[in-house]
Amino acid sequence: MDLKKHIRSIKDYPKKGILFRDITTLVKDADAFKYTNDKIIEISRKINFDKVAAIESRGFVFASTVSYVLNKPFILLRKKNKLPAATHSIDFELEYGKATIEVHKDSIQKNEKILIIDDLIATGGTAEAAAKLVEISGGKVAGFIFVINLFDLPGNNLLKNKGYFTKSLVEFPGH
């Protein structure tokens, strides 16, 4: 299946100069959504990991399926002030601003291997912050799976240069 046909591109969103790759058109198509989840699960089965983590909010869509099918615990990496218990926090830069993500301090135990899933890798700021959250929690990053890699932006190479395994289902230019 050609997933590119199911991903909408929106110019100048969320700000001028950004070409936003929108997965809502993918997830509203049952066959494309099933195919995407099946592929992510297929990749996940080849990775040695203890828990799956997802980056808010579109990462939740795909990681929850991996958690369910592979019977692995699911960790939420959320925006600032969205988790009710004690958290670790990381501030980071986005292509279009600054943000903070957090994880509950009791979500990851020492040396647990965490697979991180998100919908898209662009500049790598969010993914790198997710990796840092795993590591300050005592865990190890087992790898990253993304639906989309924006190949002409530095994110995927940033992660690979830090020694992380990454895999994406489809590639688009970022601009």
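The values are calculated or read from the model by the stated rules, or taken from the named source; none is laboratory data. Everything numeric here is computed off the predicted structure, so don't read it as measured data. FYI the Cβ positions are ideal-geometry reconstructions off the backbone, even for glycines, and counts take in every protein chain you see.
Remarks
- Listed by position, the helices (runs of 4 or more DSSP H) enclosed by the stretch 1-72 that each have at least 3 residues that are under 25 Å from VAL103 (Cβ atoms) are 30-45, 58-70.
- Cβ-Cβ contacts under 8 Å between residues 6 or more apart (or on different chains), taken from a first residue in the stretch 111-135 that is modelled with pLDDT of 95 or more to a second residue that is β-branched (Val, Ile, Thr) and part of a helix (DSSP H, G or I), are listed as ILE114/VAL134; LEU115/VAL66; ILE116/VAL134; ILE117/ILE40; ILE117/VAL66; ASP118/THR126; ASP119/VAL61.
- Candidate set from the stretch 129-171 (those that are in contact with a helix residue (DSSP H, G or I) (Cβ under 7 Å, 6 or more places away or on another chain) and over 23 Å from ARG45 (Cα atoms)); member that is surrounded by the most Cβ atoms within 10 Å (Cβ to Cβ): GLY155
- Considering only residues in the stretch 28-68 that are within 20 Å of ILE108 (Cβ to Cβ) and β-branched (Val, Ile, Thr), the one that is surrounded by the most Cβ atoms within 10 Å (Cβ to Cβ) turns out to be VAL52.
- Scan of the stretch 6-46 for residues that are charged (D, E, K, R) and free of Cβ contacts under 8 Å to residues at least 12 places away in the same chain, ordered by number: LYS11, ASP12, LYS16, LYS28, LYS34, ASP38, GLU42, LYS46
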